[in-house]
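The values are calculated or read from the model by the stated rules, or taken from the named source; none is laboratory data. The structure displayed is predicted, hence computed values, not measured ones. Cβ: placed from backbone, ideal geometry, glycine included. Neighbour counts: every protein chain shown. Keep in mind that these areas ignore ligands, DNA and RNA; they rest on the heavy atoms of the full protein, side chains included. Shrake-Rupley method; radii C 1.70, N 1.55, O 1.52, S 1.80 Å.
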Amino acid sequence: MGGTGNMGSRVARLLEADGHEVLAASRATGVDAYTGQGLGEAFAGADIIVDCLGAASRGAKACIDFHVTTAGNIIRAARAAGVNRLLCLSIINAREPSVNRFMGYYQGKAAQERAYLLSPLHVTILRTTQWHDFARRFSRTMRVGRWAFVPRMQSQPVAPDVVARLMRDTVEAADTSPRIVELAGPEARDMAELARILLSGEEPAVRVVGIPGLGLKVFSGGLLPPVGVPLDSETFDQWLEGGRRA
């Protein structure tokens, strides 16, 4: 699900390279998880469902509705098709009220996690911190002319290809795979700083302006992983030097 998106397409390519038959389900392929259209046909004969869906809206009401509705439709269709395993991509700390209070997308992901973990399916939730390429996304969200306004917030980003490989490995694991899998990057960095570094090479005419977080938890360490979360070793700078900007 969401197999044509940023992460879904990466995971699909890795699984296909390992010899698995993959259906990259999306509206473009006639599968709509929100309405339920095409889910039964897509799940027929499947061994596992991978949910990389993301809501287009950032408002809490819309995000919660999207993620709860799609999770419910997927659970029902999976049971009808006899599919017992599901892997869902999520976000570290999205469940924390102090973090998601003003983050509608995080509230939606928290509701999605609850729906899946309460289902009769064998569900694994894979939570990660933000990815290295998120700095680009933030720089395009609030753009005025050649000025990009990016929140000054601490994150511990992880390389997206590393996340994709972990998802691939989790898919290929036995049915006894853990209920919760987590991964973070190796170092805390400021998102505005990362956007400035990234755009200096991609869009040198654009100037990045860091916006203070005004005391909100999400901007003052709320995105950092809890103690004990496994860390990948690839830093943001190594990711850039390796040419893996996409």
Practice problem: Taking the residues in the stretch 83-123 that are part of a helix (DSSP H, G or I) and of a type in the set (K, R) as candidates, determine which candidate is nearest to L53 (Cα to Cα). | Solution: K109
Self-check item: Residue within the stretch 103-121 that is touching a strand residue (DSSP E or B) at 6+ places or on another chain (Cβ under 7 Å), more than 30 Å from L23 (Cβ to Cβ), among the hydroxyl-bearing types (S, T, Y) and open to solvent by less than 10 Å² (accessible area, probe 1.4 Å) present
Solution: no
Exercise. Considering each residue of the stretch 127-184, count those that are among the basic types (K, R), at pLDDT below 95, surrounded by 13 or more Cβ atoms within 10 Å (Cβ to Cβ) and closer than 18 Å to I92 by Cα, and give that number.
Key: 0
Quiz item: From the residues in the stretch 14-71 that are among the polar types (S, T, N, Q) and either in a loop (DSSP other than H, G, I, E, B) or modelled with pLDDT under 95 (or both), which one is farthest from F102 (Cα to Cα)?
Solution: T29
Exercise. Report whether or not R127 is assigned to a helix (DSSP H, G or I) and not acidic (D, E).
Key: no
Quiz item: Is it the case that A77 is under 20 Å from A12 (Cβ atoms), in contact with a Leu (Cβ under 8 Å, 6 or more places away or on another chain) and part of a loop (DSSP other than H, G, I, E, B)?
Solution: no
Quiz item: Does the stretch 27-77 hold any residues that are open to solvent by less than 30 Å² (accessible area, probe 1.4 Å) and of a type in the set (S, T, Y), and which are they?
Solution: T70
